[in-house]
1. Of everything in region 244-275, what is among the aliphatic types (A, V, I, L, M) and in contact with a Leu (Cβ under 8 Å, 6 or more places away or on another chain)? Give them in sequence order.
2. Please count how many residues of region 457-493 are over 16 Å from the mean Cα position of the chain (by Cα), surrounded by fewer than 23 Cβ atoms within 10 Å (Cβ to Cβ) and of a type in the set (S, T, N, Q).
3. Quick check on region 243-269: of everything there that is touching a residue at least 40 places away in the same chain (Cβ under 8 Å) and more than 26 Å from the chain's Cα centre (by Cα), which residue is nearest to LEU397 (Cα to Cα)?
4. Could you tell me whether region 163-170 includes any residue that is over 25 Å from HIS283 (Cα atoms), without any contact (Cβ under 8 Å) to a residue 40 or more places away in the chain and either in a helix (DSSP H, G or I) or touching a Lys or Arg at 6+ places or on another chain (Cβ under 9 Å) (or both)?
5. Do you know which residues across region 333-373 are part of a helix (DSSP H, G or I), out of contact with any helix residue (DSSP H, G or I) (no Cβ under 9 Å at 6 or more places or on another chain) and more than 25 Å from VAL453 (Cα to Cα)?
6. Name the pairs whose Cβ atoms lie under 8 Å apart, with the first residue in region 599-617 and part of a loop (DSSP other than H, G, I, E, B), the second modelled with pLDDT under 95 and surrounded by fewer than 18 Cβ atoms within 10 Å (Cβ to Cβ), and 6 or more positions between them or separate chains?
7. Out of the residues in region 330-339 meeting the condition of being crowded, with 21+ Cβ neighbours inside 10 Å and not aromatic (Phe, Trp, Tyr), tell me which one is farthest from LEU262 (Cα to Cα).
Amino acid sequence: MEGFNKIDLQTPPQSSDPIVVDNRPKAKTRKALPKKSLIVLGVLGIAILFFGLILLSPIQKAYSDAKATFTQVKITVDALKKQNIDLASTELDKTKVSLTATQKSLDAMGYLKFIPIAGMYYGDAQHLTKAGFYGLSAARVLIDSIAPYADLLGLKGQGSFVGGTASQRIETAVRTMGKITPHIDDIAKHVEGARREIDAVNSNHYFFSSKIKTQLSQVQQLVDEGVTFVTDARPLIKILPSLLGDPKEKKYLVLFQNDKELRPTGGFITAYAIFRIDKGIIHVDRSDDIYTLDNGIFGKPKAPAPILKYLPNVTTLHLRDSNLSPDFIASMDTFNALYKNATGYVPVDGIIALDTNVLVSTIKILDDEVYAGGVRFTSKTDPRCDCPQVIYELERLVSTPKSVDLKVTTLAAVQAQRKDLIGTLLYAIMDKALKSSPKLYWGPLFQDMLTQVEQKHIMFYIYNKDAQSGVESLNAAGRIMPFEGDYLHINQANFGGAKSNLFVQEAVIQNYELGSDGIITKKITVNYKNPHAPSDCNLERGNLCINAVLRDWIRVYAPKGSKLVDSKGSEVKMTSYDELGKTVFEGFLTVRPKGAATFSVSYTLPFKVEKGSIPLLIQKQPGTGGNEYTLQVRGTKIDSFPLLTDKELKIKL
């Protein structure tokens, strides 16, 4: 090349050439890779690319399909939440198509099961997918079973009972229910399959993600609870037509408990009614106040110790005071022992108890207005008590002395006042609901009834053993439940006669202290406050005594074996004993209008901490609602909530 001399790298320099010595440090040079190494690396690179395409492509496809399925599941759940049966059915079919696509994508990666570690997660994915198919099958049977009753339940969808009067539709539905209830066996089979697949997944495999591990554990728990629920409720569902009066009518004793005068099972038993159900149609055969029924019982037994001790001038046990046990069934057994001796006794197939919350909530749904016995009832706030008007009117009409009956505004109200006001009101509520379009009221009323049952404002004692077993599986029988771990149930009774629970506010604090020896000391503090002025309780002047001194019999139910350490606020000496499988700490205090009080009890639990945490079950007293509960560990708040239902938690110590 012109301008450059050719350099011959192979020819050594001639001896005549001058030797130049370069003393500069030489730069390090990298050794060239051998050709074999380059070939191996190339082959590996191609292999990685090849297997990457084989592995990643199916994985990405499966991940994409799984995301689409999850999105579709949420759409289906949303349709169910909206109570739209037709839409839920359509979306359920779409979910099955999407899940099938996910299953195919997983099947395309079957080779992963032969790869260590990867095979473990692949197996989990297969189990979860199979569980999904079982769940879809259970949902399909359920939707197909209730679809014919959509109009009766007030659900969105075209039901099968759209013709005729409301009573005729209900009767037809109840008569056909026997053809539907056997499907509960199919649902049980599918949910059991889902549990089998879910339980095959070990959440500990996902130690690298606490979120995934927690979610899997929660899903497994929910599925297990679902299987238990379906299994336990199956006998109840199968005999549901019989309970609704098909083919033979049934009779139920309905007790009205006034939660404004709180008693252990929800309230003072004020009135009763005999409901007869014939093929789903409810008839009120009789209703009266509880005193009329009580007056027909002779030779009553001596009052138990709590009545003699805390309820002034009462020496015998009356029906109205028989609900002393916090366990509804135990109290009703005591009630029945007296009821069978009453001159007004009517054989029944069970007892249903409800309180004022049911009336207020139901009237609110029914356009906030119901007329009964010539009296208008609403759920709007009445300034005379700062409470729902229906509550004040019931107290006024039932509690006002007979000597001032003429002050009631109408003759019809006078006639309704004493004998059957509660029954008349309940009948008026049912009559208004039944005469309406199902889509107007029935759906909200049905959903509200489920809420009232969950919150223990409605409780059932059915004498059929299978039915009662199902009722108890729904936690609809007001039972004191067995529990492995910490337990709390605060039960109170107003022995003052006034309706002061309408005004008294309560807040409960639970604090845990853990000793160096592992012993757990727990302190329960109940703060009471009555911010309202007292009523003028001069009955001779015809006044309504609703806010007076609260005479509060309080019992704290704790795990059996708990030991009392200290207590404050009780006006009598605290006692402790075992009852209903629990240890009970009992006291008594008073709360005055415009006043406040504090009650506290400290005790040690009969066990020590395992794995750093303990399970806790708090059972709500029937008739109460919204008492604020605060949880503390070593004085530090960890949670707070209004106690509306029984609540299960895990306390980290």
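1. Within region 244-275, VAL254, LEU255, ILE269, ALA271, ALA273, ILE274 qualify.
2. Residues flagged as over 16 Å from the mean Cα position of the chain (by Cα), surrounded by fewer than 23 Cβ atoms within 10 Å (Cβ to Cβ) and of a type in the set (S, T, N, Q) within region 457-493 amount to 3.
3. LYS251
4. So the first thing to find is which residues in region 163-170 are over 25 Å from HIS283 (Cα atoms), and the list is none.
Scanning region 163-170 turns up no residue that is over 25 Å from HIS283 (Cα atoms), without any contact (Cβ under 8 Å) to a residue 40 or more places away in the chain and either in a helix (DSSP H, G or I) or touching a Lys or Arg at 6+ places or on another chain (Cβ under 9 Å) (or both).
5. ALA337
6. VAL609/LEU514; VAL609/GLY518; VAL609/LEU653; GLY612/LYS652; GLY612/LEU653
7. Selected residue: MET332.
Listed here are the residues, each with its yes/no results for (1) modelled with pLDDT under 85; (2) in a helix (DSSP H, G or I); (3) under 22 Å from ILE170 (Cα atoms).
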| position | (1), (2), (3) |
| --- | --- |
| ALA413 | yes, yes, no |
| GLY423 | yes, yes, yes |
| ALA433 | yes, yes, yes |
| SER436 | yes, no, yes |
| GLN447 | yes, yes, yes |
| LEU450 | no, yes, yes |
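The values are calculated or read from the model by the stated rules, or taken from the named source; none is laboratory data. It should be emphasised that the depicted structure is a prediction, and the values quoted were computed from it without experimental measurement. Neighbour counts run over all protein chains shown; Cβ positions are idealised from the backbone, glycine included.
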